[in-house]
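Below is one structure, written out as structure tokens; comments come after it.
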Amino acid sequence: MRIACLGGGPAGLYFAISMKLRDPSHEIDVIERNRADDTFGWGVVLSDETLQNLAVNDAVSAKAIGENFAYWDDIALHMRGERLVSTGHGFCGIGRMKLLLLLQERARELGINLKFETEVDSAEDYRKDYDLVVASDGLNSKTRALYQDTFKPDIDQRLCQFVWLGTHQKFADAFTFIFEETEHGWVWAHAYQFDDETATFIVECTQETFDAFGFGEMSQEDSIRTCEEIFKDHLGGHPLMTNAKHIRGSAWIRFPRVLCEKWSHENVVLLGDAAATAHFSIGSGTKLAFESAIALAEYLHTEADMAAAFKRYEEDRRLEVLRLQSAARNSLEWFEHVERYLHLDPVQFNYSMLTRSQRISHENLRLRDPKWLESAERWFMNQAGVSPNSPVRAPMFTPFKLREMELKNRIVVSPMAQYKAVDGSPTDWHMVHYAERAKGGAGLVFVEMTCVSAEGRITPGCPGLYAPEHEAAWKRLTDFVHAETDAKICCQIGHSGRKGSTRIGWEGMDKPLHDGNWELVSASAIPWSDGNAVPREITLAEMDAIKAEFVAAAEMAERAGFDMIELHAAHGYLLSSFISPVSNARTDEYGGSLDNRMRWPLEVFNAMRAVWPDHKPMSVRISACDWVGEEGITPDDAVEIARRFRDAGVDLVDVSAGQTTPKARPVYGRMFQTPFSDRIRNEGGLPTMAVGNIYEADHANSILMAGRADLVAVGRPHLADPYWTLHEAAKIGDRNATDWPLPYLAGRDQMWRLADREAEMLKV
């Protein structure tokens, strides 16, 4: 096969090497516009895993590369005069120019033709003369642009500005992050050694700080001098250096995140940054290039033809690329919004930074550096007022206080509809269901949305707090919880609005009743869907009457013995229909602006808060995103909504999302709603509860330790296992639980023994 590699970076060179190793008869030309020893970066970072993959593919080049690596295990954070170090991270760095020279040498050994200082105008000039054209022409790929109708690239210019520099201050002992506060805002650096004399030094800041400094108007020399002044305490007198003299201006850029719908066009295929980019903050760009090069070379030799090889290459590599890009997106977004976290204690800030990509979890950190993690957990416990003499426990088992309500831990049983009520009254089902979960180890148990009237129910199976028998039934439950467990219990109070008068969940979610439907009211006469009844726009008099029903329900909740109440203002129900513009088209003082749309929900909250005892907390559940872009509630809006409830006296925001319109297009995944909680907590300045696809102790501990929420609500896992909290504690080796029900201690001891045995077997 005659092959042209357009671009002589790591991707093109390593693909050529990989092809020659599989079939020496290939004729391969690597065509590069620069000179052999030109490079416009400093160092690159690889992981131990990538090194192993290289060794399997080509032991010769892997050995040569490995001999020139700078290795480090530590990550160091410099912030506010403190230096925090964790270990066990396993990185290695090499100079980009050295890497290229080693790959060039290996390519020549294998008989690959290297053509330097050769400009490639168009892939079309090569397609007819070569069997295969590999477009490894980098971030600004001409080939990708030439066939954009096929490749359909999506290029997202990210928010922060950065400049890639070098220094002879080596930072030899750790991958180092430095955060400096200046008169114009925060500026930070990513620094790591890559040879005996040199380190990469990437300087980054927000666009606002960039503009305030005037970096865009500076020469490279002035820009570098400014950066030297900012980081003078960390450079040891060494200057910063650039190898981008060929670029006019300051050489600062914004990172372009590249996605392509397709990676091949006839006999042309994209490779490396031409196909997809990964942000430098996770150091995976070269990893992707190498591993994609190996895969493409392999499939070109194992599949029936080129088309099949391209298809397999795209299918197999796309998942890994998307996985890394997802991690990279999490990481770059953390840096884009880092000023959100700079108020955190350096210990918590460091933890947040280490776990920013979600590739590193709480227990993974324990494997890497158990001593450091234990010190961080001790710090977290100290912040919660736990005695320094207490045994160290994971963050999820740290107490939390809201007003005078003290929770034994941070795990909450989410409110989950049971559809088992009769005429609004909870039954023995609710007694058994909630009692079991109160026994199961969670600090706080929510009961499902409890409605303020018969017409405010979602379904005929939903419970209420609008009749004396309801109050009595709930009191039976709260009395048991308080007598037999140390859990607290919360009543979520709401009104269904336009989503009412529907069948119970398993008979048809959100579908109207077959018969016996009741009239619906909402902020506006907009139905939930085409298949639901059109609600009547609620009148001011009805708003006053329903507000009074919310107040009466709060008073009943107090008499019933609940420790806490929550106002349900999410998921498209009545109060939510006022807040979201997708359901509020009113033209009076309760429609239009966010202030107007928030007016009645705040009136209801204030009225309930006035009758709810001062020593007991009150939360509100909100939908932080409608998942319909600017048409609905956005995360920016959510922060403002939370602030308004905060100013009204809310103690906790229960941060959910969506379920406000059938047009929503949520982006699912692990902990997918936690970023909303994170933002509200750290920008809105009030406690939050995270919800949504949280199903492991690792998730909960990572969320809490990083300061992304104060409580963690676990829903579906608690449906499957009422004792989820106690069981997760056993799994992670926590042996300090004192809240197992006394009759179950024998079962606890057996679970602990089995968990310890399994942990020992995993070490073998």
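The values are calculated or read from the model by the stated rules, or taken from the named source; none is laboratory data. Not measured: the values here are computed from a predicted model. Here the Cβ is made from the backbone with ideal geometry for all residues, glycine too, and neighbour counts use every protein chain on show.
Structure notes:
- Sole residue being buried (at least 18 other Cβ atoms within 10 Å of the Cβ) and farther than 18 Å from Ser496 by Cα, chosen from Arg609, Arg621: Arg609
- Pairs with Cβ under 9 Å, 6+ apart, first in the stretch 124-153 and farther than 19 Å from Leu13 by Cβ, second surrounded by fewer than 17 Cβ atoms within 10 Å (Cβ to Cβ) and among the polar types (S, T, N, Q): Leu146/Ser122
- Index of the failed condition, Ala642 passing every other in (1) surrounded by 19 or more Cβ atoms within 10 Å (Cβ to Cβ); (2) over 25 Å from Arg340 (Cα atoms): (2)
- From Ile680, Ile633, Ile641, residue being assigned to a loop (DSSP other than H, G, I, E, B) and not polar (S, T, N, Q): Ile633
- Residue check, Arg340 surrounded by fewer than 17 Cβ atoms within 10 Å (Cβ to Cβ) and in contact with a helix residue (DSSP H, G or I) (Cβ under 6 Å, 6 or more places away or on another chain): yes
- Exactly one residue out of Ala570, Ala533 is in contact with a Lys or Arg (Cβ under 6 Å, 6 or more places away or on another chain), in the same structural domain as Leu652 (by TED's automatic domain parsing) and aliphatic (A, V, I, L, M): that is Ala570.
- Comparison of Asp222, Asp156 shows that the only residue that is surrounded by fewer than 17 Cβ atoms within 10 Å (Cβ to Cβ) and farther than 22 Å from Ala328 by Cβ is Asp222.
- Meets criteria (of a type in the set (A, V, I, L, M) and assigned to a helix (DSSP H, G or I)) for Ile17: yes
- Residue within the stretch 31-51 that is modelled with pLDDT of 95 or more and either over 37 Å from the mean Cα position of the chain (by Cα) or crowded, with 17+ Cβ neighbours inside 10 Å (or both) present: yes
- Scan the stretch 510-525 for residues that are farther than 24 Å from Ala545 by Cβ and more than 37 Å from the chain's Cα centre (by Cα) and the total you get is 2.
- Test result for Val432, β-branched (Val, Ile, Thr), at pLDDT 95 or above and within 25 Å of Gly497 (Cβ to Cβ): no
- Single residue of Phe310, Phe349 found to be at pLDDT 95 or above, more than 30 Å from Asp734 (Cβ to Cβ) and surrounded by 21 or more Cβ atoms within 10 Å (Cβ to Cβ): Phe310
- Subset tally (residues that are assigned to a strand (DSSP E or B) and touching a Pro at 6+ places or on another chain (Cβ under 8 Å)) for the stretch 129-164: 4
- Helices (runs of 4 or more DSSP H) wholly inside the stretch 304-399 that include at least 1 residues being within 30 Å of Ala737 (Cα to Cα) and β-branched (Val, Ile, Thr): 346-354
- Qualifying residue in the stretch 252-270 (condition: under 30 Å from Met705 (Cα atoms), of a type outside the set (Lys, Arg), surrounded by fewer than 22 Cβ atoms within 10 Å (Cβ to Cβ) and in the same structural domain as Thr200 (by TED's automatic domain parsing)): no
Let's see how each residue does on (1) at pLDDT 95 or above; (2) within 17 Å of Gly707 (Cβ to Cβ):
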position: Ala328; (1), (2): no, no
position: Arg356; (1), (2): yes, yes
position: Ile360; (1), (2): no, yes
position: Lys371; (1), (2): yes, no
position: Ser375; (1), (2): yes, yes
position: Asn382; (1), (2): yes, yes
position: Asn389; (1), (2): no, no
position: Ala394; (1), (2): yes, yes
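- Of the candidates Ala648, Ala624, Ala570, the single residue that is without any contact (Cβ under 8 Å) to a residue 60 or more places away in the chain and in contact with a strand residue (DSSP E or B) (Cβ under 7 Å, 6 or more places away or on another chain) is Ala624.
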